[in-house]
Structures are given as C-alpha cells and as structure tokens.
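Beneath this line is the structure, given in structure tokens, with notes to follow.
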C-alpha cells in the first residue's frame, strides 16, 4: 500500500520497501504483531510530523549548553540564522514541502505580531541581547510559532485526517479571530477566555477526527486532540524557558516549570493554529465504509 504522503516526502517513498517487509512480518504474528507495528508506525509518523519543532528545540538546548558566551554573534542572532538555514536545508533535501514553508511563513508573521505586543506588555521577556530583532522580540521567536503550524500541516497528511460533524469553516474562523483579539484585549478589558473555552466546546462537541495509522481509521474526539497537542506544546515551552530562550516574570529568580495555567493559553492558540491549517487542507468528511473499519475488522488488517 503506497503511503499517501510519499509523493510529498521522497524519503518516505524510499523507506516503503523496508516498511512493507516489516509490516508483513509483524502482521503474520496475529493481533499482537499488528498492534506492535501500529505502535511503531504511530511513533515514527509523530516524529516525522515534529521534525521542524524538534530541531528547533534541539537548537535551543544546544545553544544554551554549548554556545560561547563571548561569541561575536549573539546567541539569539545565531538561532535566527540557524532557523533560516534549517528551513533552507529541509526544502533542499525535500524533507519539507513548499506548502509547509508557506504555512510556516504565515505562522511566523502571526506569532511575531503577538510577540511584539506581549513583550511590550511585560508578559515575558527575552533576556539576551541581539541585533536581528524587532523591538524586544528576536526574530527566531516566530519560528517557534511556525513549528506548531508545521506540525499540524504534516500530521494532517501523515494520518490522512477525516472528520465527522466538523463545524463550518466560517464559524471556526470567527472563533479563532475572537481568540486572537482576546490575546490582546484582555490587557485592557476583562479576559473572556472562559467564554471562548465554552464556545470552543460547543462548536466542536460533536466533532470526531478519524486518523489512519496503517490500514484502518481510528477515531477520537477532536477536542481531546486539541488538549493533547496543547499539552505537548506546554512541554516544549518548558524546554524553551529552561534553555533561557525567554523568561516569564515568575522565573526571574531562576528556572521553574511554566504554570499549568498556561495550558489554557496554548489550547486557545491551538484553535487558531488548527483553523489556519484547516483553511489550507479543508476538512473532509469520513466515508461510511472507512468509519466502519477498525481493530475488529478481522483478517483485512493483516493484508501484506
């Protein structure tokens, strides 16, 4: 079975022969073998989807531990140039598509706009000096937002997303606009995030996302998917603050875990990110035959 993403990423196509042999070998061992193979395949797909974000986190940690303190080029400027170089290398090696690069650019612009306001309001700071910056915002920071967009764009294709009862794009676009406005407005008027949480829950309450790890589609509530990705971003943010890439007021005396309350902010940012990617990918309704397949589909799962 040819992976639907193989045409986008040639590396996947080159690995298909080896993967097919592994799948046939494990599938021949019954349900346990199938489950083991799907677990392996799920992890590999997630790692591939996280490629850009994972490399950015590695850059943050690597420069935190080993970047010379007295280097001519400021660490933040090195991160900006390294992120640009990483982007160029991924495109040249065809490990990233031009459509993903466009998504990353859009997220970079949206994220930088938010950063400019939030740093001016004192929500967090970038404690190190740099030249490549706008106001108090080093230019590498936009790539951290872009990593979220890159992940969503990749995971959508890798798992061949389908949906049931997905809300209209006009409604989700309005919700994301309200969320984005609230990120700014709550500094001047009451914070309406509780209302936004409620609106999100109502809008996506009936929505299921179907994802294909191998042969068959699995499903989960889309809201749960949002929560899990927000949790993942929160862990990544802790890596960023540990690496002193940015710092919250509560961390002025030394590093500590980012408040769990920030999960709410990342959940809302996830909605904005998801809606932006969904405008490009356009959610597709699950076919009845595909929705009926699953772990109880019998021998069909183990086809070579």
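For the reader, a short list of remarks on this structure follows.
- Segments classed as helices (runs of 4 or more DSSP H), wholly inside the range 1-116, with at least 2 members that are at pLDDT 90 or above: 31-49, 51-66, 75-92
- Residue check for residue 145: surrounded by 17 or more Cβ atoms within 10 Å (Cβ to Cβ), touching a strand residue (DSSP E or B) at 6+ places or on another chain (Cβ under 6 Å) and either assigned by TED's automatic domain parsing to the domain that holds residue 58 or touching a residue at least 12 places away in the same chain (Cβ under 8 Å) (or both): no
- Criterion violated by residue 168 - all others in (1) over 15 Å from the mean Cα position of the chain (by Cα); (2) crowded, with 19+ Cβ neighbours inside 10 Å satisfied: (2)
- Residue check, residue 230 assigned to a loop (DSSP other than H, G, I, E, B), surrounded by 15 or more Cβ atoms within 10 Å (Cβ to Cβ) and modelled with pLDDT of 90 or more: no
- Set 259, 278, 265, 273: member being at pLDDT below 95 and surrounded by fewer than 18 Cβ atoms within 10 Å (Cβ to Cβ): 259
- Qualifying residue in the range 205-219 (condition: part of a helix (DSSP H, G or I), surrounded by fewer than 21 Cβ atoms within 10 Å (Cβ to Cβ) and out of contact with any helix residue (DSSP H, G or I) (no Cβ under 8 Å at 6 or more places or on another chain)): no
- Selection status of residue 175, modelled with pLDDT under 95, assigned by TED's automatic domain parsing to the domain that holds residue 220 and buried (at least 17 other Cβ atoms within 10 Å of the Cβ): no
- Matching residues in the range 122-135 - criterion: being in a loop (DSSP other than H, G, I, E, B), in contact with a helix residue (DSSP H, G or I) (Cβ under 9 Å, 6 or more places away or on another chain) and loosely packed, with under 15 Cβ neighbours inside 10 Å: 122, 129, 131, 135
- Checking residue 150 against (1) in contact with a strand residue (DSSP E or B) (Cβ under 8 Å, 6 or more places away or on another chain); (2) over 23 Å from residue 193 (Cα atoms); (3) buried (at least 23 other Cβ atoms within 10 Å of the Cβ), the condition it does not meet: (1)
- Flag for residue 133 being farther than 15 Å from residue 244 by Cβ and under 23 Å from the mean Cα position of the chain (by Cα): no
- Enumeration of residues in the range 159-181 that are in contact (Cβ under 8 Å) with a residue 60 or more places away in the chain and either out of contact with any strand residue (DSSP E or B) (no Cβ under 7 Å at 6 or more places or on another chain) or part of a helix (DSSP H, G or I) (or both): 166, 169, 172, 173, 175, 176, 179, 180
The values are calculated or read from the model by the stated rules, or taken from the named source; none is laboratory data. It should be emphasised that the depicted structure is a prediction, and the values quoted were computed from it without experimental measurement. So basically every Cβ, Gly included, is an ideal-geometry build from the backbone, and we count neighbours across all protein chains shown.
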